[in-house]
Every structure is written in C-alpha cells, then in structure tokens.
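Each remark here refers to the structure printed beneath this line.
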Amino acid sequence: MHQNNNYLVETAAQISGVNPKSCMKCGKCTASCPAFDDMDLSPHMFVSMVEAGRIRELMESTSLWKCLSCFACVERCPRGVEPSTLMEAVRLMVIRKQGGHRISADEIPELLDKRIPQQALTSAFRKYSR
Ligand code: SF4
Ligand code: SF4
C-alpha cells in the first residue's frame with residue numbers, strides 16, 4: 001500500500017511523541033553515539049530529516065538497524081528531542097509495513113557475527129517475530 005507523506009509524518013509523530021522542531025542542531029547526540037560511524041545518517045541528521053518530513057527516505061536508512069538503543073543521545077540532548085525514540089518510531093513503521101515475521105529461525109545463521117552478543121540476537125528474534 002502506498003502511504004502518502006503526510007500520513008508518514010503524522011505516524012512518526014504519533015508513535016514517537018517527540019517534537020523534532022525543538023532540536024537546536026548542537027550535534028551532541030551524534031558526538032555521544034557509539035554507532036554513528038556505522039550509520040548512513042548520524043542521529044542529528046536523522047532528527048533534521050524527521051523535522052523536514054523526509055520519513056520515506058528515513059525508512060530506507062541503515063541507521064535504523066545500526067542504533068544500539070543505548071539512549072546516550074537521549075541523555076546528552078539538551079532539548080529533550082530523543083533521537084533514538086525517533087529512530088525507534090521509524091523502525092516500527094518499517095516493520096509494520098512489512099508485516100508478519102521479520103526474522104525466522106532459518107535466517108539466524110546469516111546474521112551471526114562474532115561481535116554480536118547472543119542476548120542481542122535473542123532480543124532481536126523476540127522483537128521481530130511473533
Ligand atoms: S540510542 Fe542509538 S542513536 Fe542514540 S546514541 Fe545510542 S546508538 Fe546512537
Ligand atoms: S543533541 Fe538534541 S538538540 Fe542537539 S542536535 Fe541532537 S537532537 Fe538536536
């Protein structure tokens with residue numbers, strides 16, 4: 001189903017409950033993010049794109065899957081913007097759009113990486129399957 005842009009913007013705002021317009025572009029979220037080197041869009045860029053209504057592009061972003069949900073960005077943000085909450089909202093939108101199981105047990109071997117703790121895989125399996 002094609003989702004129009006207003007719908008995407010409103011859905012991201014509803015799920016997150018975050019106001020990206022409060023962002024003052026200080027970059028502290030990105031400076032404190034342990035995963036930003038692996039992201040195509042750093043946390044402050046992600047916030048700016050939500051503010052600009054570019055949700056469809058964000059739904060394609062690899063940052064969604066690189067965020068560790070460590071909340072360092074939430075702790076450091078002086079304006080209460082919560083970049084990770086915005087990422088979580090857009091991630092949920094992608095998952096809901098795809099529907100059904102996102103990870104099956106058969107896919108787990110492909111995801112294995114010696115740097116990933118087993119708890120992360122278990123958590124992902126619970127989160128992305130039903
Ligand atoms: S919650 Fe995600 S975006 Fe925020 S600092 Fe941690 S890894 Fe980076
Ligand atoms: S720390 Fe907060 S105010 Fe600063 S750039 Fe990040 S989201 Fe915006």
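The values are calculated or read from the model by the stated rules, or taken from the named source; none is laboratory data. Note that the structure is predicted; figures quoted are calculated from it, not measured. In this analysis, Cβ positions are derived from the backbone assuming ideal geometry, glycine residues included, and neighbour counts consider all displayed protein chains. Just the protein is used for accessible areas: all its heavy atoms, side chains included, with ligands, DNA and RNA removed. Shrake-Rupley method; radii C 1.70, N 1.55, O 1.52, S 1.80 Å.
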Heavy-atom accessible area of the chain with neighbours in place, 1.4 angstrom probe: carbon+sulfur share in percent works out to 51
Yeah, region 46-107 with a ≥ b ≥ c from its alpha-carbon gyration tensor (a/c under 1.5 is rounded, else prolate when a/b outruns b/c, oblate otherwise) is oblate
Straight-line reach check, LYS25, cutoff 15 Å on alpha carbons, 8 or more apart in-chain or any other chain, hits among aspartates and glutamates -> GLU51, GLU82
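How big is the Cα convex hull of region 14-90 in projection, averaged over all directions, in nm²?
With the hull built on Cα positions only, its mean projection is 4.2 nm².
Taking the Cα centre as origin and putting +1 on Lys and Arg beta-carbons and -1 on Asp and Glu beta-carbons, what dipole magnitude results for region 1-124, to the nearest 20 debye? Walk me through the intermediate numbers first.
On the way: 14 positive and 14 negative charges, 74 e Å.
With Lys and Arg at +1 and Asp and Glu at -1, about 360 debye.
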Over the chain, with neighbouring protein chains present, the accessible area per residue in Å² at probe 1.4 Å is 63
Here the cysteines of the chain without any disulfide-compatible Cβ partner under 4.7 Å are CYS23, CYS26, CYS33, CYS67, CYS70, CYS77
Of all trypsin sites (Lys or Arg not before Pro) in region 63-116, the ones in DSSP coil with at most 13 other Cβ atoms within 10 Å are LYS114, ARG115
Sequence order, region 89-94: Karplus ³J(HN,Hα) from phi using 6.51 cos²θ - 1.76 cosθ + 1.60, θ = phi - 60°, Hz rounded, Gly and Pro as x, gives 5, 5, 4, 4, 4, 5
ILE95 and GLU110 label points (each 7 Å along its Cα→Cβ direction) are spaced in nm at 1.9
Long-range amide H partners of CYS70, meaning residues 5 or more apart or on another chain whose placed amide H is closer than 5 Å, are none
Given Cβ charges of +1 for Lys and Arg and -1 for Asp and Glu, the option among VAL18, SER42, LEU64 whose Cα lies farthest towards the positive end of the dipole of region 5-99 is VAL18
Expressed as a whole-number percentage, the relative contact order of region 5-99 with C-alpha contacts under 8 angstrom and at least six residues apart is 37
Heavy-atom accessible area with a 1.4 angstrom probe orders THR62, THR11, most exposed first, as THR62, THR11
GLN118 and THR62 label points (each 7 Å along its Cα→Cβ direction) are spaced in nm at 2.9
Sequence order, region 24-35: Karplus ³J(HN,Hα) from phi using 6.51 cos²θ - 1.76 cosθ + 1.60, θ = phi - 60°, Hz rounded, Gly and Pro as x, gives 10, 6, 7, x, 5, 5, 5, 4, 9, 7, x, 10
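Using the Kirkwood radius built from alpha carbon pairs, what does the Stokes-Einstein equation give as D for the chain at 20 °C and 1.002 mPa s, in µm² per second?
Details: Rh = 15.4 Å.
It comes out at roughly 139 µm²/s.
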